[in-house]
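Okay, structure first, notes after.
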Amino acid sequence: MIFKDIDTYKDKIGIYLIRNVVNNKIYIGQTSDRFIERYWNHKWKLNNNTHDNLYLQQSWNKYGEA
């Protein structure tokens, strides 16, 4: 999972997406936390197999981070 334009968006809040570059499916979310905090939260949960979104977790498990 890559955080694009991290210097521009890391302290912003709003709507974001996570794209699976293998099958082009997307997860859309929103946050009132800073994007960098939400990014690390997603990444931690996905790496620990505890993400709330089962489809996103299964996709992460199948295809990996990259």
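Read-outs throughout are calculated quantities, based only on the coordinates presented, and are distinct from any laboratory measurement. Here the structure is a predicted model, which is why all the values come from computation and not from measurement. Using ideal geometry, Cβ is built from the backbone for each residue, glycine included, and neighbour counts are taken over all protein chains shown.
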Measure nothing fancy, just the Cα-based angle from helix 35-47's long axis to the longest principal axis of the chain, in degrees from 0 to 90, nearest 10. 20 degrees
Please get the size of the charge dipole for the chain, origin at its Cα centre, with Cβ charges of +1 on Lys and Arg and -1 on Asp and Glu, quoted in debye to the nearest 20. 160 debye
Just Y55, Y39, Y16 to compare: in a GNM of the chain, with alpha carbon springs under 10 Å, which one fluctuates most? Y55
Mind pulling the angle between the C-alpha long axis of helix 54-63 and the longest principal axis of the chain? Nearest 10 degrees, somewhere in 0 to 90. 70 degrees
Bin by bin, in steps of 5 Å, what percent of the Cα pairs in the chain do you find, going until the bin that has the longest distance? 4, 17, 30, 26, 17, 7, 0
